[in-house]
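The values are calculated or read from the model by the stated rules, or taken from the named source; none is laboratory data. Given the structure is predicted, the values throughout are model-derived calculations rather than measurements. A quick note on method: Cβ atoms are made from the backbone with ideal geometry, for glycine too, and the neighbour counts reach across all protein chains shown.
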Amino acid sequence: MKYVALNDLHVSLGAKMIEFAGYNMPVLYNNLIQEHNAVRNSIGVFDVSHMGEFLLKGEKALDLVQLVTSNDASVLVDGKIQYSCLPNDKGGIVDDLLVYRVSATEFYLVVNASNIEKDWNWISKHNTFGVEMTNLSEGTSLLAVQGPNAIKALQKLTDVNLSEMEYYTFKYGTLAGISHVLISNTGYTGAGGFELYVPNAEASKLWDAIFNAGAEFDIKPAGLGARDTLRLEKGFCLYGNDINDETSPIEAGLGWITKFTKSFIMAEHHKAIKDNKPTKKLVGFEMLERGGIPRQHHIIKDANGNVIGEVTSGTQSPTLSKAIGMGYVDAAHSKVDTEIFIEIRDKQIKAKVVKTPFL
């Protein structure tokens, strides 16, 4: 078991801790719905220091990034961020990630905690460009300050003009008296906010400063439970659920991060899926009847009882007060308003395909 720098703090706050991606992580502190609503309506803070960070430096850094990622990193400028994925050599996805362009010869990659070693080995395997790679994961803490009041609280702590920072941009600056904080206008909630990267030694100081600054907005710590309900309401994919080693980004509705204007691993395979139209698609759905909450691996059927797919993510949406989910279905049943049935405890519960995001 690995421990984030603020592990003891979370325990002292009464958090329910679980093993996640090999780390001891807070799943909730008090009440999932309260934490969810705090983020959606005001401000909440997630410790996501289990995430991985790699630094790629060298004259050929962009060439390596272009080869191993599906999106076109050549369009990035300094201070810009891009959502992308790492295609594998079997037609699936190694991981999804964020690519930060620090300079023309320096890129900062943020990867999922469960895939740190896998991603590192995959990128290293394809590093025939002499790019210097540094794994910063163990020494880096990451706090995600999310919600509509996040900017008001954080602006008290920095001279960086946060309101001028566009979505998916970043700056280095002093925040809470800590120098060289990576301030990123990103998040996994769809509620707005910033993600802050600091050395582990500064994590406690940063946490305390954020909570002092956010006190007037009734700031709350939020666990992985609320992180999951928030991301699902926005239709964001979770690696290991909605995308994995077997799914193509085209099937997952991630064609917008899959650019065939450049060469990358298995590009021709994914272009063929796009050109021929995928046989299965990731869709959002909402439950039309009571009968339970859809969960990963629940079977999806048509009105005649034929198996047409499988649920990948599901929850009771705190904001919408209804059960929602995502799953892969065959293309013939992927159109919005198509009636489908989710098998929950041997019962077929009616649902319909809807547009995402749900919120």
Phe170 passes all but one of (1) more than 28 Å from Pro318 (Cβ to Cβ); (2) out of contact with any Leu (no Cβ under 7 Å at 6 or more places or on another chain); (3) hydrophobic (A, V, I, L, M, F, W, C); which number fails? (2)
Test Phe107 against the stated conditions and say whether it is aromatic (Phe, Trp, Tyr), closer than 26 Å to Thr319 by Cα, in contact (Cβ under 8 Å) with a residue 12 or more places away in the chain and surrounded by 21 or more Cβ atoms within 10 Å (Cβ to Cβ). no
Can you tell me how many residues in the range 249-279 are assigned to a loop (DSSP other than H, G, I, E, B) and either on the phi > 0 side of the Ramachandran plot or surrounded by fewer than 17 Cβ atoms within 10 Å (Cβ to Cβ) (or both)? 8
Mind counting the residues in the range 304-336 that are of a type in the set (Asp, Glu) and either out of contact with any Lys or Arg (no Cβ under 6 Å at 6 or more places or on another chain) or under 30 Å from Ser42 (Cβ atoms) (or both)? 1
Which one of Glu233, Glu164, Glu202, Glu216 is touching a Leu at 6+ places or on another chain (Cβ under 6 Å) and charged (D, E, K, R)? Glu233
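Of the residues Gly291, Gly314, which single one is outside the structural domain of Glu35 (by TED's automatic domain parsing) and modelled with pLDDT under 95?
Working: Gly314 fails: modelled with pLDDT under 95.
Every option except Gly291 fails the conditions.
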If I ask for residues that are within 20 Å of Val48 (Cβ to Cβ) and part of a helix (DSSP H, G or I), which ones from the range 103-138 would you list? Ala113, Ser114, Asn115, Ile116, Glu117, Lys118, Asp119, Trp120, Ser137, Glu138
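Filter the range 317-332 for residues that are free of Cβ contacts under 8 Å to residues at least 40 places away in the same chain and surrounded by fewer than 20 Cβ atoms within 10 Å (Cβ to Cβ); which is farthest from Gly235 (Cα to Cα)? So that I can check it myself, show each step before the final result.
Narrowing the range 317-332 to residues free of Cβ contacts under 8 Å to residues at least 40 places away in the same chain: 321-323, 332.
Still in the running and surrounded by fewer than 20 Cβ atoms within 10 Å (Cβ to Cβ): 321-322, 332.
Working: Ser321: 16, Lys322: 15, Ala332: 21 Å.
It comes out as Ala332.
Of a type outside the set (Val, Ile, Thr) and either exposed (fewer than 15 other Cβ atoms within 10 Å of the Cβ) or assigned to a strand (DSSP E or B) (or both), is that true of Leu143? Outline the logic, then answer.
Numbers: of a type outside the set (Val, Ile, Thr): yes; either exposed (fewer than 15 other Cβ atoms within 10 Å of the Cβ) or assigned to a strand (DSSP E or B) (or both): yes.
Yes.
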Where residues in the range 283-309 are surrounded by fewer than 16 Cβ atoms within 10 Å (Cβ to Cβ) and part of a strand (DSSP E or B), which of them is farthest from the chain's Cα centre (by Cα)? Val307
Only one of Gly44, Gly58 is surrounded by fewer than 23 Cβ atoms within 10 Å (Cβ to Cβ) and over 16 Å from the mean Cα position of the chain (by Cα), namely Gly58
How many residues are touching a Ser or Thr at 6+ places or on another chain (Cβ under 6 Å) and closer than 11 Å to Pro221 by Cβ when one looks only at the range 16-56? 1
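Do the conditions hold for Ile116, that is, is it within 18 Å of Ile257 (Cα to Cα), in contact with a Ser or Thr (Cβ under 7 Å, 6 or more places away or on another chain) and in contact (Cβ under 8 Å) with a residue 60 or more places away in the chain? Steps first, answer last, please.
Values: within 18 Å of Ile257 (Cα to Cα): no; in contact with a Ser or Thr (Cβ under 7 Å, 6 or more places away or on another chain): yes; in contact (Cβ under 8 Å) with a residue 60 or more places away in the chain: yes.
For Ile116, the condition - within 18 Å of Ile257 (Cα to Cα), in contact with a Ser or Thr (Cβ under 7 Å, 6 or more places away or on another chain) and in contact (Cβ under 8 Å) with a residue 60 or more places away in the chain - is not met.
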Conditions (1) surrounded by fewer than 18 Cβ atoms within 10 Å (Cβ to Cβ); (2) over 28 Å from Lys274 (Cβ atoms); number of the one not met by Lys80: (2)
Mind checking which pairs have a first residue in the range 56-85 that is farther than 25 Å from Lys271 by Cα and a second that is small (Gly, Ala, Ser), Cβ under 7 Å, 6 or more apart or different chains? Gly58/Gly130; Lys60/Gly130; Asp78/Ser103
Tally up the residues in the range 1-41 that are surrounded by fewer than 17 Cβ atoms within 10 Å (Cβ to Cβ), closer than 15 Å to Val145 by Cβ and of a type in the set (Lys, Arg), please. 0
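Residue check: is Ser163 in a helix (DSSP H, G or I), small (Gly, Ala, Ser), surrounded by fewer than 16 Cβ atoms within 10 Å (Cβ to Cβ) and touching a residue at least 12 places away in the same chain (Cβ under 8 Å)?
Here the answer is yes, as Ser163 does meet what is asked.
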